[in-house]
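Reading through the structure tokens given below for one structure.
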Amino acid sequence: MRVPIEEIKFDERGLVPTIVQDANTRQVLTLAYMNAESLKRTMETNETWFWSRSRSSLWHKGETSGHTQRVVDILVDCDNDSLTILVKPNGPACHTGEQSCFHNALQGAGSMREQIAEEKPDLGAVLNDLYALIESRKRDRPEGSYTVYLFEQGLDKILKKVGEESSETIIAAKNEDPEVLAREASDLLYHLLVLLIERGLTLEHISDELVSRGKKREAQ
């Protein structure tokens, strides 16, 4: 769904909060604000323009540093009162030279990160997340994405890669390094998911088939 610019809800100051993300990695680069004029200029030039609250003026990202941001897409949240802009950055987003403005960690939050790291998701959750990511690559087509390249090349290319990864998994299984086997098996699973999405199959299709087979075995 494409939202008309007239339906964007600016606040009482005429501003809308805007998250800027790298279109390829989806890393959050910065949080800025736009008014109607900066949004219009962003759409006209395909580069980000914002409203500086400290200077009370428009500013073109990269106008002094050269670190411009080429716009890939502009997304509107469900309430039409905030934006996410997907960009291809030409250099760091932060004035400190860091790639992202969000490069500092909150003191005392490390324990939460460690706790989450210890709670390893099961394979089903990982596959669901990966399937959703691959599906979004097919839908959004960000430039420079290997996944998008596979979809653009078509079924024959995807089948070739599945065959290649299957062979490499077999070769890895003949050796005695479990880490190599894990990497090759992961590559095979990734390309298999690409194939499923290309052919319109969901993980639910596979799950239903496996459950059905399990019931048949129990009945035998």
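The values are calculated or read from the model by the stated rules, or taken from the named source; none is laboratory data. Remember, predicted model here, so these are calculated numbers, not experimental data. Neighbour counts are summed over all protein chains in view; Cβ atoms, including those assigned to glycine, are modelled from backbone coordinates with ideal geometry. These accessible areas exclude ligands, DNA and RNA; they are computed on the full protein's heavy atoms, side chains included. Shrake-Rupley method; radii C 1.70, N 1.55, O 1.52, S 1.80 Å.
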| Residue check, residue 146 against (1) modelled with pLDDT under 95; (2) hydroxyl-bearing (Ser, Thr, Tyr); (3) open to solvent by less than 80 Å² (accessible area, probe 1.4 Å); (4) within 26 Å of the chain's Cα centre (by Cα), all met but one. Which one? | (3)
| said: Which count do you get for residues in the range 50-97 that are open to solvent by 60 Å² or more (accessible area, probe 1.4 Å) and either free of Cβ contacts under 8 Å to residues at least 24 places away in the same chain or at positive phi (or both)? | reply: 9
| query | Wholly within the range 42-136, which strands (runs of 3 or more DSSP E) include no fewer than the required count, namely at least 2 residues that are closer than 30 Å to residue 193 by Cα and modelled with pLDDT of 90 or more? | reply | 69-76, 83-89
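Residues checked against (1) at pLDDT 95 or above; (2) exposed (fewer than 11 other Cβ atoms within 10 Å of the Cβ):
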| residue | (1), (2) |
| --- | --- |
| 167 | yes, no |
| 189 | yes, no |
| 196 | yes, no |
| 203 | no, no |
| 212 | no, yes |
| query | Quick one: how many residues across the range 165-190 are within 26 Å of the chain's Cα centre (by Cα) and without any contact (Cβ under 8 Å) to a residue 40 or more places away in the chain? | reply | 8
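Considering 16, 28, which residue is under 13 Å from residue 83 (Cα atoms) and in contact with a helix residue (DSSP H, G or I) (Cβ under 9 Å, 6 or more places away or on another chain)?
Numbers: 28 fails: in contact with a helix residue (DSSP H, G or I) (Cβ under 9 Å, 6 or more places away or on another chain).
Step by step, each of 16, 28 is checked, and only 16 is under 13 Å from residue 83 (Cα atoms) and in contact with a helix residue (DSSP H, G or I) (Cβ under 9 Å, 6 or more places away or on another chain).
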